[in-house]
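What follows is one structure encoded as structure tokens, with my remarks underneath.
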Amino acid sequence: MNSFNDLTDFSNDEIDNLIDLANQLEKNPSPNVLKGKVLSLLFLSPSLRTLASFQAGMSRLGGGSFVISPDMSIHGLETRHGIVMDGSAAEHIKEAVPVIASYGDAVGIRAFAERENIDDDLEDIKFKNLSSLVDKPLINMESAIQHPCQNLADWKTMDNLEIPKNGGKFVLSWAYHPNALPLAVPASTLIMAAKRGMDVTVLRPDGFALPKSILEKATNEATKSGGSVLESDNRKVAMEGADVIYAKSWSSTLHYGDQIKDKLLREKFIDWCIDEEWFNTAKKQCKFMHCLPVRRGVVVSDGILDGPRSIVIEEARNRMYAQMAILYKMMKG
Ligand code: CP
């Protein structure tokens, strides 16, 4: 494996194989399999789970890793192209990225969306520019429109809990958040659930519809896997018979890049905080998923997060095993 960037680059059989390997590594650790190997990690955006789980995963496989991020005492990094560097930044990403890559056997990069131009973010321009500077196997640790490691861990989490593939109902729900957040998790999660063969409903208020190209890609994946994709703004209808609700806030696509208009619109939906009432029409055992970090009392109630519906800690724990499988395939073959 030379790249882990988009779950749709893999067949469902290949994903099943990766999850089998992740389950195997969870039960039977292989502490020497990547001995002497190094993973270079570049975080241009913040993280808790991704940063910790990649480092822990590499250690558990016998390898090592290092992290570079602008928060550390590194030279200021310039990311703009064609600029005269007479400001505070002392080093350009065009030199920094190949240097970082040269120290490792594989590279992970996290770079969130700029959230200025939706077409650029949908095309993942920033991540593609960074990728072009790397001549080693590359892992997308979340870009403008992809979060494949989260997607693989979420698929594994649902498999482990025997949440049905075909016939399983997955509700991807927008939730309130004070800030306009990126599209990477909702877009890639929608496509993951559709590819898994589930019947997916995107529940969101007006002004927060996911981009047409994302819905089309998800519908194509659903068609191939025997699932379906619908949109709704009706909570009761969307939640009817649901096996899973996956909550996430995202930017208004109507006002993409306009923070003021986005804020004025989202403030109308402050009551989109998931609590037990949302589950009235769902299956009795319906689970609550979220990639974390999550704001308590804003996105979801304490009662749901602390109760039996929540599988958020399982999802986060599975990040490490899913990524260990990716690292194994990438560095051992
Ligand atoms: N879910 C996730 O990617 O978490 P972090 O942003 O903390 O890495």
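The values are calculated or read from the model by the stated rules, or taken from the named source; none is laboratory data. Note that the coordinates shown come from a computational prediction; the quantities given were computed from them, not determined experimentally. Quick reminder, even Gly has a Cβ in these numbers, built from the backbone with ideal geometry, and neighbours come from all protein chains shown. For accessibility, only protein heavy atoms count, side chains too; no ligands or nucleic acids. Shrake-Rupley method; radii C 1.70, N 1.55, O 1.52, S 1.80 Å.
Descriptive notes on the structure:
- Based on protein heavy atoms only, the chain ends up with 44 Å² per residue of surface accessible to a 1.4 Å probe.
- Charge context of P182, other residues only, Cβ under 13 angstrom, K/R +1, D/E -1: -3
- Taking a ≥ b ≥ c as the square roots of the Cα gyration tensor eigenvalues, the chain comes out oblate, since a/c reaches at least 1.5 and a/b does not exceed b/c.
- Applied to the stretch 302-319, the Karplus parametrisation 6.51 cos²θ - 1.76 cosθ + 1.60 on θ = phi - 60° returns per-residue 3J(HN,Hα) values of 4, x, 6, 5, 8, x, x, 6, 6, 10, 5, 6, 4, 4, 5, 5, 5, 3 Hz, with x for Gly and Pro.
- Taking 0.36 nm per residue of separation and subtracting the Cα-Cα distance, full extension of the segment from N280 to L48 would add 80.2 nm.
- The chain, dipole about Cα centre (Lys/Arg Cβ +1, Asp/Glu Cβ -1), debye to the nearest 20: 700
- Dimensions of the stretch 162-310 from C-alpha coordinates, computed as largest minus smallest value along each principal axis and given longest first, are 41, 36, 25 Å.
- Protection proxy ranking, highest mean first, for peptides 213-219, 198-204, 158-164, 87-93: 198-204, 213-219, 158-164, 87-93, where packing is the per-residue count of other beta-carbon atoms within 10 Å, averaged.
- Length released on extending from K35 to D16, taking residue separation times 0.36 nm less the Cα-Cα span: 4.3 nm
- For E91, the residues 5 or more places off, or on other chains, whose built amide H falls under 5 Å of its own are G76, E78.
- Interchain or long-range residues, amide H under 5 Å from Y246's placed H: V171, L172, S173, M289
- Virtual spin-label span in nm between I313 and K27, 7 Å along Cα→Cβ: 2.3
- Accessible surface of the stretch 84-223 [probe 1.4 Å, protein heavy atoms]: carbon and sulfur percent: 49
- Rounded FRET efficiency, nearest 0.05, which uses the C-beta distance separating Y103 from L161 and R0 of 41 Å: 0.60
- Karplus-based coupling profile of the stretch 226-235, in residue order and whole Hz: x, x, 8, 9, 10, 10, 7, 10, 9, 4, with θ = phi - 60° in 6.51 cos²θ - 1.76 cosθ + 1.60 and x standing for Gly or Pro.
- Helix axis angle, 184-195 relative to the chain longest principal axis, alpha carbon, degrees: 70
- Dipole of the chain computed with +1 at Lys/Arg Cβ and -1 at Asp/Glu Cβ about the Cα centre; of Q259, G36, V299, farthest Cα towards the positive end is G36.
- Maximal additional length on extending the R295-D120 stretch stands at 60.2 nm, based on 0.36 nm per residue less the C-alpha distance.
- Once backbone amide H atoms are built at 1.01 Å from N, I274 has V300, S301 as its partners under 5 Å, excluding neighbours fewer than 5 places away on the same chain.
- In a reduced charge model with +1 at each Lys and Arg Cβ and -1 at each Asp and Glu Cβ, the stretch 68-208 shows a dipole moment near 520 debye about its Cα centre.
- Note that the stretch 115-129 has calculated 3J(HN,Hα) couplings of 6, 10, 10, 5, 5, 4, 5, 5, 7, 6, 4, 4, 5, 4, 4 Hz, one per residue in order, obtained from phi through the Karplus relation 6.51 cos²θ - 1.76 cosθ + 1.60 (θ = phi - 60°); glycine and proline are x.
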